[in-house]
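First comes the structure, then the notes that go with it.
Each reported figure results from applying straightforward, stated rules to the coordinates on display, with no laboratory input. All figures in this text were calculated on a predicted structure; none of them were measured in a lab. Cβ: placed from backbone, ideal geometry, glycine included. Neighbour counts: every protein chain shown.
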Amino acid sequence: VIFDSSKEASLLVAQEIANLIQRKEELNEFCILGLATGSSPIKVYEELVRMHKEEALSFANVVTFNLDEYYPMHKNNIQSYYYFMHEHLFNHVDIKPENINIPDGSVSAEDLQQYCIDYEMKIKSYGGLDFQLLGIGRTGHIGFNEPGSHVNSGTRSITLDHLTRVDAASAFLGIDNVPRKAITMGIGTVRSAKRIVLLGWGVNKAGIIKNTIEGEVSPQVPATYLQEHSNTTFVLDSEASSEL
Ligand code: GLP
């Protein structure tokens, strides 16, 4: 779906999420949301916060699982995804702190593998993700599933691509400060979501959006695995869709 502006698109995506939260609330069920960081979802979070404040949208029945976190990374660090999510969403809505799940970038190296297995199990214990929000990196990564990621991969640690670290360099005041690793949900984790919405804004994403939508499904462009998902929508602005 192509919109003139990312703002207009973000309002509609936020409305879909709000509708899902309310539908689940009426059924007395948890709403399990997979959430993303980066610049792409910021306006969606802004709108959800507005709906909470002005339209009494409640997050009391919402459980969230974030896609990824740098590793190593302490949650108090302003570059952490923990910090980002609290700043843009969690500090401004009535979600219960115990319902927030973000991969912990401070677990020890020896506990990391088990930590990732437990994160994956916890998502499954809720019956999987009802909705997964995604951005896309210029390597074709979703979450931090870099080229080479397996279609059935689960939550795990991963080495970041050079291009991903280049794109993160300004936030870290230089590429040397960008962590080399991350924890990420897998392609399998993402694809098991009942509904997926990928956001793509701006001309910088036009090339990878073309490869993702029109290219062959391949581990070299992990986002192409979404072509095989039955309920995924790519929500784009006119610039990001300019090479389609
Ligand atoms: C990071 C995140 C991804 C995100 C990507 C794009 O790499 N791990 O989940 O999709 O950045 O970020 P942006 O939305 O800022 O373009």
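Let me see the pair-distance distribution of segment 185-244: every alpha carbon pair, 5 Å bin width, integer percents in order.
Per 5 Å bin, starting at zero, the Cα-Cα P(r) for segment 185-244 comes out as 4, 20, 28, 25, 16, 6 percent.
Can you list residues from other chains, or at least 5 along the same chain, whose modelled amide H is less than 5 Å from the amide H of residue 3?
236, 237, 238
Between rounded, prolate and oblate, where does the chain land on the alpha carbon gyration tensor, with a ≥ b ≥ c its root eigenvalues, rounded for a/c under 1.5, else prolate if a/b exceeds b/c?
Since a/c stays below 1.5, the shape of the chain is classed as rounded.
Under 16 Å between alpha carbons, and skipping anything fewer than 8 positions from residue 122 in its own chain: which aspartates and glutamates qualify?
68, 98, 104, 130
Tell me, what ³J(HN,Hα) does each residue in segment 29-40 have, in order and in whole Hz, if you take phi through Karplus 6.51 cos²θ - 1.76 cosθ + 1.60 with θ = phi - 60° and put x for Gly and Pro?
In residue order, the calculated couplings are 10, 5, 10, 9, 10, x, 10, 10, 10, x, 6, 4 Hz.
Using r as the Cβ-Cβ distance of residue 22 and residue 126, and R0 as 22 Å, what FRET efficiency do you calculate, to the nearest 0.05?
0.75
Anything over 25 Å Cα to Cα? Flag those among 43/124; 53/96; 53/181; 7/205, in the order listed.
Over 25 Å apart, Cα to Cα: 43/124; 53/181.
For residue 5 and residue 114 in one chain, what is 0.36 nm times their gap in residues minus the Cα-Cα distance, to one decimal in nm?
35.0 nm
Which value in nm describes the separation of the simple spin-label points at residue 74 and residue 162, placed 7 Å from the Cα toward the beta carbon?
Each label point is offset 7 Å from its Cα along the Cβ direction, giving 3.2 nm.
Which of the trypsin sites (Lys or Arg not before Pro) found in segment 1-93 are loop residues per DSSP with 16 or fewer other Cβ atoms within 10 Å of their Cβ?
75
Rounded to the nearest 500, what is the 222 nm mean residue ellipticity of the chain from helices alone, with -39500 (n - 2.57) per DSSP H run of 4+ residues and division by all residues?
So the helix-based figure for the chain works out to -9500 deg cm²/dmol.
Label point 7 Å out from residue 96 along Cα-to-Cβ: which residues of segment 19-48 have amide N under 15 Å?
25, 28-33
If you count the DSSP beta bridges with both ends in the chain, what percent of them are antiparallel, to the nearest 5?
Taking every DSSP beta bridge with both residues in the chain, the antiparallel ones total about 35 percent.
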